[in-house]
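FYI, it's all coordinate maths here, none of it is from the lab. Just so it is clear, the structure is predicted and the values come from calculations on it, not from any experiment. Cβ: placed from backbone, ideal geometry, glycine included. Neighbour counts: every protein chain shown.
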Amino acid sequence: MDEIIARSNIYALLSRILLQELDSEILDTLKSDPAVLEFLPHWNTWEQRTKLTNTQLLEEYLNPDFTNLSLLHLVPYETFYTRSDQMIETGGANPVTDIYSAYDFIVDYEVARVVSSDHIGIELEFMHHLCEAQKKALSEHDDEAVNEFKKVQHHFLNTHLLRWAPMYLINMKYESRTPLYYDVAEMTLEFILSDHELLSSGL
């Protein structure tokens with residue numbers, strides 16, 4: 001159970017960071033949680049992290065960097081990388097629509113403020129959603145459902161996230177202007193690759 005809780009929490013954290021600008025509450029976690037800081041070495045040792053107020057960090061460094069990485073210079077959408085015309089598919093033909101529907105996952109566009117459901121933050125949130133479903137099945141000792149959710153996670157990584165997210169994350173790493181987003185890009189890439197390996201070995 002500890003493993004699935006940890007995986008679910010990591011997907012939730014990465015989704016939140018990559019989906020929208022940070023707020024003071026999530027920044028407090030990123031500044032002080034020892035488990036989180038362990039995954040973010042450059043951010044952990046960055047002097048400004050402890051010297052500046054949350055408002056200064058957000059307004060002068062972190063939110064401008066997020067805007068640069070998600071809205072101005074890079075495109076965090078699957079279809080941009082997988083379609084030959086590099087257009088973002090915003091309608092029902094989006095490749096993730098059917099699998100989201102099959103597992104009762106609804107994208108709240110108003111909250112997420114994304115133009116399409118194949119945003120990297122949404123895809124990571126869907127993995128969190130699947131981990132939570134697996135966790136529930138485990139608590140109910142439903143082995144068949146547990147195996148089903150493992151297979152769906154493995155399939156989703158194979159057919160969606162791993163097909164394009166590494167390209168975006170590598171670009172994000174080199175375009176980042178703050179240690180936080182540099183580390184988050186590296187952490188996300190390493191995590192989805194290692195999680196795929198974990199799921200592959202358990203099937």
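By the beta-carbon count within 10 Å of each Cβ, the least crowded to most crowded order of L199, L14, fewest first, is L199, L14.
In order along the stretch 45-53, the Karplus-derived 3J(HN,Hα) couplings, from 6.51 cos²θ - 1.76 cosθ + 1.60 at θ = phi - 60°, round to 9, 6, 4, 5, 4, 9, 7, 9, 6 Hz, and Gly and Pro are given as x. The angle between the Cα long axis of helix 120-139 and the longest principal axis of the Cα atoms of the chain comes to about 50 degrees, rounded to the nearest 10. Computed 3J(HN,Hα) for the stretch 142-150, one whole-Hz value per residue from the Karplus formula 6.51 cos²θ - 1.76 cosθ + 1.60 where θ = phi - 60°, is 9, 4, 5, 5, 4, 5, 4, 5, 4, glycine and proline marked x.
For the chain, the dipole from Cβ point charges (+1 on Lys and Arg, -1 on Asp and Glu) about the Cα centre works out to 440 debye, to the nearest 20.
The relative contact order of the stretch 2-201, computed from alpha carbon pairs under 8 Å that lie at least 6 residues apart in sequence, is 30 percent. Residue by residue, the stretch 180-189 carries 3J(HN,Hα) couplings of 4, 6, 4, 5, 5, 4, 5, 5, 5, 4 Hz when phi is fed to the Karplus relation 6.51 cos²θ - 1.76 cosθ + 1.60 (θ = phi - 60°); x denotes Gly or Pro.
Taking 4 °C and 1.567 mPa s as conditions, the stretch 16-103 diffuses translationally at an estimated 83 µm²/s according to Stokes-Einstein applied to its Kirkwood radius (Cα pairs). Here R177, R16 are placed in order of increasing Cβ neighbour count within 10 Å, fewest first, which gives R177, R16. The angle separating the long axis of helix 162-175 from the principal Cα axis of greatest extent in the chain is about 0 degrees. Taking GluC sites (Glu not before Pro) across the stretch 26-110, the ones in a DSSP loop with at most 16 further Cβ atoms lying within 10 angstrom of their Cβ are E47. Charge tally around Y103: other residues with Cβ under 11 Å, Lys/Arg +1 each, Asp/Glu -1 each, net -4. Helical runs (DSSP H, four residues minimum) scored at -39500 (n - 2.57) apiece and divided by the length of the chain put the mean residue ellipticity at 222 nm at -19500 deg cm²/dmol. On the beta carbon distance between E144 and K51, with R0 = 41 Å, the FRET formula returns roughly 0.20. Here the scattering of the chain is modelled by Debye summation over its C-alpha atoms, one equal scatterer each and no solvent; at q = 0.18 Å⁻¹ the log10 of I(q)/I(0) is -1.32.
Mind giving me the FRET efficiency for Y109 and S200? R0 is 30 Å, r the Cβ-Cβ distance, nearest 0.05 is fine.
Calculated transfer efficiency: 0.35.
Candidate cross-link partners of K51 among the lysines, defined by an alpha-carbon separation under 23 Å and a same-chain spacing of 8 or more, comprise K31. Computed extension length for T90-E38: 15.1 nm, one decimal, from 0.36 nm per residue of separation with the Cα-Cα distance subtracted.
Taking a point 7 Å out from the Cα of I99 in the direction of its Cβ, the residues of the stretch 130-156 whose backbone N falls within less than 17 Å of it are 130-134, 147-156.
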